[in-house]
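The values are calculated or read from the model by the stated rules, or taken from the named source; none is laboratory data. If you're wondering where the values come from, they're calculated on a predicted model, not measured in any experiment. Every residue, glycine among them, receives a Cβ derived from its backbone with ideal geometry; neighbour counts consider all protein chains shown.
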There are 4 protein chains.
Amino acid sequence: MAGNTIGTLFKLTTFGESHGTAIGGIIDGCPPNISLDLEDIQKDLDRRKPGQSAIVTQRKESDTVKFLSGIFEGKTTGTPIGFVIENENQKSKDYSHIKDSFRPSHADYVYQQKYGIRDYRGGGRSSARETASRVVAGAVAKQVIASIKINAFTSSVGDLFIDKPYQDLDFSKIDANDVRCPDSTSAEKMIEKIKIIKKQGDTIGGTITCVAQNVPVGLGEPVFDKLHAELGKAMLSINAVKGFEYGSGFCGAKMKGSEHNDLYNPDGTTKTNLSGGIQGGISNGMDIYFRVAFKPVATLIQKQDTLTKTGEIIESQGKGRHDPCVVPRAVPIVEAMTALVLADFYLQNKMYL
Amino acid sequence: MAGNTIGTLFKLTTFGESHGTAIGGIIDGCPPNISLDLEDIQKDLDRRKPGQSAIVTQRKESDTVKFLSGIFEGKTTGTPIGFVIENENQKSKDYSHIKDSFRPSHADYVYQQKYGIRDYRGGGRSSARETASRVVAGAVAKQVIASIKINAFTSSVGDLFIDKPYQDLDFSKIDANDVRCPDSTSAEKMIEKIKIIKKQGDTIGGTITCVAQNVPVGLGEPVFDKLHAELGKAMLSINAVKGFEYGSGFCGAKMKGSEHNDLYNPDGTTKTNLSGGIQGGISNGMDIYFRVAFKPVATLIQKQDTLTKTGEIIESQGKGRHDPCVVPRAVPIVEAMTALVLADFYLQNKMYL
Amino acid sequence: MAGNTIGTLFKLTTFGESHGTAIGGIIDGCPPNISLDLEDIQKDLDRRKPGQSAIVTQRKESDTVKFLSGIFEGKTTGTPIGFVIENENQKSKDYSHIKDSFRPSHADYVYQQKYGIRDYRGGGRSSARETASRVVAGAVAKQVIASIKINAFTSSVGDLFIDKPYQDLDFSKIDANDVRCPDSTSAEKMIEKIKIIKKQGDTIGGTITCVAQNVPVGLGEPVFDKLHAELGKAMLSINAVKGFEYGSGFCGAKMKGSEHNDLYNPDGTTKTNLSGGIQGGISNGMDIYFRVAFKPVATLIQKQDTLTKTGEIIESQGKGRHDPCVVPRAVPIVEAMTALVLADFYLQNKMYL
Amino acid sequence: MAGNTIGTLFKLTTFGESHGTAIGGIIDGCPPNISLDLEDIQKDLDRRKPGQSAIVTQRKESDTVKFLSGIFEGKTTGTPIGFVIENENQKSKDYSHIKDSFRPSHADYVYQQKYGIRDYRGGGRSSARETASRVVAGAVAKQVIASIKINAFTSSVGDLFIDKPYQDLDFSKIDANDVRCPDSTSAEKMIEKIKIIKKQGDTIGGTITCVAQNVPVGLGEPVFDKLHAELGKAMLSINAVKGFEYGSGFCGAKMKGSEHNDLYNPDGTTKTNLSGGIQGGISNGMDIYFRVAFKPVATLIQKQDTLTKTGEIIESQGKGRHDPCVVPRAVPIVEAMTALVLADFYLQNKMYL
């Protein structure tokens, strides 16, 4: 089954391999008459692109999105928006060493087994390069639901966590540092940590927290397409993600009902928000917040045992330019996927008008 | 948008409210010529039903499934399988007190806001009663993928955790106690805890771990319909779920790549399995395991502030028969949803034959 | 792939075999707060049911629909509407003669080949009995789009055609005769013809014309989900249908552009309506009209060569109670499918609000 | 709702306007390891492109398809196939006269009403230029189901019909003349007719017949996704199509059952084939054949009354380069859509393996 589409009314289908001609996608179901700010879209793409700071991969890609359809005289027309991002910096030779081998904790082996063929260059379709298309579509989605404010940020790197609730953070500071952590003290430590890890040729995991504010009441379609279920799926579809929790999350599983229930104010808001802005799969108007766990990048600049196609174990080492920690560049991806899910439910909810 | 269907090839659509005439569903896409063991299906349903032990709700429902189509002379025919479970024990009067009020951390308020109307009796459509239909369909799915072994169990209640890896547990002991924890020492403590909580009129959260073994390599459809993304969505769509993690999960986010990578054996298996049996969204043949967080049940047998339709805060108390901890009865639901997702991908994977 | 669902936002999934326990379905996506007139629904079902006149099958079924969910205090709640119709008159013995043989121009052979198993009783899933569920859902859909007027009628039986444009017909007369032809002169001839055919143990084909009036401008989703493409699919999915044409149809293929173009009035209506109310796949506010061709029923009360499972040709004869002409009973089915398609696009169009 | 995708397992999503930067699409669900003959794909595209003969539009477009992903070393990889066709000959000025007016029997008016905005140049998204993307995808689909032979041809232009059954035609002669009619006598008359029509600045309709041979038994998914229902939808989604019939079609509606039934041979084939290779929505192994009606092109090189945005009726005349008859260029489009539907059901049918 083709698994390259997400969304029900606001739909994104992506294509493209890491080292092919281009990546891109089609956004189908974008409402008409929206004046798209193309610079804002490119700006989000720039936040994801490689080479932007010392703590991310030094690969150079301009990652310039080119829109091919669906926009006329600056406005969306309601027809599908096709777009492409050319792959410029294709050092395919960097990957000849993995042509006949399967890197540990990569998708090389399973792609080969499932499809009987794979474009091994840079991971091909399994590369996180595909997420650039998501950022484009997410940036369009943000403009569809312009009144909703979505902010993601790095909340931990390894065992370094921000020790403040999100309410105490200044989201305008997220991009003030290379690790995209709005708490400058934590940010410094995280950057330091990543630099050390990088020097070791190693990598490190982390978490991203995302907060969506000003979400109208009523988004989400029970029983299977609950708002948090679709958010969870969207996050888990991002490369390297291992977990998702919203509201009280795994901590909530340790609590008692008398501690956990969110009591109402007369206006329908709640005094606490352990629910994370969602009840029964439907937004309740409070802040939606959730946390996403990213594993450490699997490509190490260290020698590692690797499996060959012929079933031998050989020593191999990652070459080229890789991220020591995926989290800083994943922040705009988490925001994009959040925007895609919310825009989709926002449109679905119009059925009830 | 209608959100009451899950699955792409093996599809379940459910209907029904807690206190309506009946609940039920349609399974569409079940392969033909499968000799269905109907007793096994009822058995799974019995594991979920109320009133089965002292630590669950004492509501009495026989929860007998009746199949209406799609089965001929004991075998599936490839046509849709319609089924119903009648609601027998509808004490609707128990709910007249919430007709005009919204219970905290329930879906009452958001259903009213979204739809402008709600069947308030027992939570209506938002009631976990709907999951009985999932258990039926999941039990059918299990028989479609009979060679895959799926075992879920209670891994924590409140702050009481099993302190063993799943490999050290005997899954045949899961149903040996009321809390469905295969570690008898932990089980006793958990049961004790739930009994205390119940006496207080309070409730408590917990987690369920699920392990799928003997899964063929290749299940999952990147990039959006990754195996763990669909598992995550399926779990998050269960009532009261707040989080999902697979493989190393949130712990993995603290690790270094050199610790986290799963090195290969010559036969394609891996020495460790922090990946949780999935790489790049595709099963790799190792055990798939994941953990699901459940919040404490929101209905307390204690007085709580409640919001009325007219915007007043009044004191109210849950009546009737409620679960002090949802986890024991959720074990078969987690298994069912796992089976639904795996059966769906199993059929999708046939495209590659 | 499961093919038992139609619709995108207003979705119907059906289940059930001709001689199983029951047939039924789930309507998912019905908007909330609609006061459903259940008698109107039963009335449509009565128009389709067997035994209602001398020119249709004499099988007796009360065809009483029972709603199980989604309706509360007379109103839809926005949750799925489950319903069943019990099969009462199951003379399964009538079909023992076809257990091991394949009737000509029935689906017996292809079901056996595709699924490797079939419920042979009365055609099982391939029986037109399934359309009773469509009539229920269509009757609900009609109430969702109450301002749109949908009228279908028998426009030909064999080579007897109404020789008037639909504008000259009085739709209130459709049910005034057994053949559901609003032109009484034509109707008499058609009824006479069917009676003769019936006496011969033969069957005859016919066509149904359907007119949808007061359709708002803008329904339909190009490029693939054009309004007439979905109408065509819906009609072609009805048992025995062999063709679909809308507006000028096949006649239009003989015309010149200068004859065929519909010139505008200043208010956006058109002077002629060869377009059939649809341009570029989108309704233009003019009447939508189309014609559906039904083949003669394949079951004859005559001896016919039949294929056995073991590859022999034997003589066989239809038993029991069959329709000599399917068209009179298909009129409410055509209306129902039209209502389903229009209600779906009506809801989809709300995205643009 | 986004309506720019067709297919369930073999899915095509298209984008692009007539006078935008480019058109193109994404094929998702193409099986891996197919050695794609790219020249064959371009060849089909060349059969559709403008300017190829005296009886079609003289617009010049090279219509060169460029594949961006999903193909590695000449083979499909199972990942989505993205492709673009650049719009080279964009004489947008030709369309400034329709910026503020709605041409009769075009989609100008309904697009404006539905979306509140439209790219008026050359009909924008409603232009048949979009079908070039379908031809690309259909040509890929043909290679997926290489053993099935699909041949479409012009069977009538205006009132000139081929007077032979398709069995008496030599499909290798379809491309032997400009009108794509394999009967040379009829072809000459048709070409002559079109030339006269063109000289008058007028246009003319026609029909295309399509035959699919060597189709395996079992394709099609009842009850809604019947093979002929999906074929009908696919054909009706092509610009200018007004009708679809398969097998006996509208003629079958005049027949008696005793004439219409297809009697079996001992091997399961049938002596006649009024069923058109499909019974109960499932292919039976016999030839599938159907007929598609195309209306005359709406753009005339004659003066016509046209509606302005401000509600005035003005005289206007088509400019530029238009087809006097769409049928010759639509032949490869009909084949492409047939291939898309059959490839999709071919993959769906693997579920039963």
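The table for this structure:
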read-out	value
Considering residues of segment B:217-232 that are facing another protein chain (nearest Cβ under 7 Å) and not in a helix (DSSP H, G or I) only, the residue surrounded by the fewest Cβ atoms within 10 Å (Cβ to Cβ)	B:VAL217
Considering residues of segment B:198-211 that are over 18 Å from the mean Cα position of the chain (by Cα) and more than 7 Å from chain A (Cβ to nearest Cβ) only, the residue surrounded by the fewest Cβ atoms within 10 Å (Cβ to Cβ)	B:LYS199
Test: residue in segment A:61-82 that is modelled with pLDDT under 95, more than 19 Å from the chain's Cα centre (by Cα) and either part of a strand (DSSP E or B) or among the hydroxyl-bearing types (Ser, Thr, Tyr) (or both)	yes
Test result for C:VAL140, more than 14 Å from chain D (Cβ to nearest Cβ) and closer than 16 Å to C:ILE23 by Cα	no
In segment A:112-131, residue surrounded by the fewest Cβ atoms within 10 Å (Cβ to Cβ) [restricted to those that are part of a loop (DSSP other than H, G, I, E, B) and within 7 Å of another protein chain (Cβ to nearest Cβ)]	A:GLY116
Residue within segment C:317-326 that is under 22 Å from C:ASP159 (Cα atoms) and touching a Lys or Arg at 6+ places or on another chain (Cβ under 6 Å) present	yes
Residue within segment C:233-242 that is more than 8 Å from chain D (Cβ to nearest Cβ), buried (at least 21 other Cβ atoms within 10 Å of the Cβ), in contact with a Pro (Cβ under 9 Å, 6 or more places away or on another chain) and at pLDDT 95 or above present	yes
Strands (runs of 3 or more DSSP E) contained in segment A:259-318 and holding at least 2 residues closer than 21 Å to A:ALA339 by Cα	A:288-294
Residue tally, condition free of Cβ contacts under 8 Å to residues at least 24 places away in the same chain, farther than 24 Å from B:GLY20 by Cα and exposed (fewer than 15 other Cβ atoms within 10 Å of the Cβ), over segment B:37-85	2
Residue that is farthest from C:ILE208 (Cα to Cα), among those in segment D:284-301 that are at the interface with chain C (Cβ under 7 Å from one of its Cβ atoms) and not hydrophobic (A, V, I, L, M, F, W, C)	D:ASN284
Every residue from segment B:317-353 that is within 11 Å of chain A (Cβ to nearest Cβ), of a type in the set (S, T, N, Q) and under 30 Å from B:LYS195 (Cβ atoms)	none
Some residue of segment C:329-349 being outside any helix (DSSP H, G or I), surrounded by 24 or more Cβ atoms within 10 Å (Cβ to Cβ) and touching a strand residue (DSSP E or B) at 6+ places or on another chain (Cβ under 9 Å)	no
Residue selected from segment B:27-54 under the condition farther than 30 Å from A:LEU342 by Cβ and assigned to a strand (DSSP E or B), by the criterion farthest from the other protein chains (Cβ to nearest Cβ)	B:SER35
Failed condition for B:LYS193, given (1) touching a Leu at 6+ places or on another chain (Cβ under 8 Å); (2) at the interface with another protein chain (Cβ under 7 Å from one of its Cβ atoms); (3) among the basic types (Lys, Arg)	(2)
Any hit, segment D:89-111, residues being at the interface with another protein chain (Cβ under 8 Å from one of its Cβ atoms), without any contact (Cβ under 8 Å) to a residue 24 or more places away in the chain and either among the β-branched types (Val, Ile, Thr) or assigned to a helix (DSSP H, G or I) (or both)	yes
Hey, A:VAL135 in contact (Cβ under 8 Å) with a residue 40 or more places away in the chain, part of a loop (DSSP other than H, G, I, E, B), surrounded by 15 or more Cβ atoms within 10 Å (Cβ to Cβ) and touching a helix residue (DSSP H, G or I) at 6+ places or on another chain (Cβ under 6 Å) or not	no
Members of segment C:258-296 that are surrounded by fewer than 24 Cβ atoms within 10 Å (Cβ to Cβ), closer than 27 Å to C:ALA234 by Cα and among the hydrophobic types (A, V, I, L, M, F, W, C)	C:LEU274, C:MET286
Residue check for C:GLN304: of a type in the set (S, T, N, Q) and at the interface with chain D (Cβ under 9 Å from one of its Cβ atoms)	yes
Selection count, segment A:297-313, where residues are over 23 Å from the mean Cα position of the chain (by Cα) and surrounded by 13 or more Cβ atoms within 10 Å (Cβ to Cβ)	8
Odd one out for C:ASN214 among (1) at the interface with chain D (Cβ under 8 Å from one of its Cβ atoms); (2) at positive phi	(1)
Single match in B:GLY281, B:GLY257, B:GLY249, B:GLY268 (criterion: facing another protein chain (nearest Cβ under 8 Å), without any contact (Cβ under 8 Å) to a residue 60 or more places away in the chain and within 23 Å of the chain's Cα centre (by Cα))	B:GLY249
Lone qualifier among D:ASP46, D:ASP108 - being over 30 Å from A:SER133 (Cα atoms) and under 18 Å from the mean Cα position of the chain (by Cα)	D:ASP46
Residues (surrounded by 14 or more Cβ atoms within 10 Å (Cβ to Cβ) and part of a helix (DSSP H, G or I)) located in segment C:143-174	C:GLN143, C:VAL144, C:TYR166, C:PHE171, C:LYS173, C:ILE174
